[in-house]
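Here the structure is laid out as structure tokens; the discussion comes afterwards.
The values are calculated or read from the model by the stated rules, or taken from the named source; none is laboratory data. Given the structure is predicted, the values throughout are model-derived calculations rather than measurements. Cβ placement follows ideal geometry from the backbone for every residue including glycine, while neighbour counts extend to all protein chains displayed.
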């Protein structure tokens, strides 16, 4: 099952790494404790909309982009766990119980 908070943490950590920023630097700009940002990045805490907006500002990325990236990651994970369709006739698809 895809967990939104885990995927969100992965996206935020990746963006921070792309910018070469430390947790301390993001913490200072976003005015959020370093420990709390770390817990969000590890998927252990849920980010409120206000906190997420502060993190996006600190990471210089639009909230809409972060949400798109999370949605893409969830779609990939869902695809990996979705049942494999079986074809019984050329135009008929039946969902398989086995993945």
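Values as computed for the structure displayed
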| quantity | calculated |
| --- | --- |
| Residue count, the range 33-43 (criterion: surrounded by fewer than 19 Cβ atoms within 10 Å (Cβ to Cβ) and under 25 Å from residue 71 (Cα atoms)) | 5 |
| Failed item in (1) on the phi < 0 side of the Ramachandran plot; (2) modelled with pLDDT of 95 or more, with residue 46 passing the rest | (2) |
| Condition met for residue 87 (in a strand (DSSP E or B) and either modelled with pLDDT of 95 or more or loosely packed, with under 11 Cβ neighbours inside 10 Å (or both)) | yes |
| Only one of 17, 64, 27, 54 that is free of Cβ contacts under 8 Å to residues at least 24 places away in the same chain, in contact with a helix residue (DSSP H, G or I) (Cβ under 8 Å, 6 or more places away or on another chain) and assigned to a helix (DSSP H, G or I) | 27 |
| Only listed residue being more than 30 Å from residue 80 (Cα to Cα) and either surrounded by fewer than 16 Cβ atoms within 10 Å (Cβ to Cβ) or at pLDDT 95 or above (or both), chosen from 9, 28 | 28 |
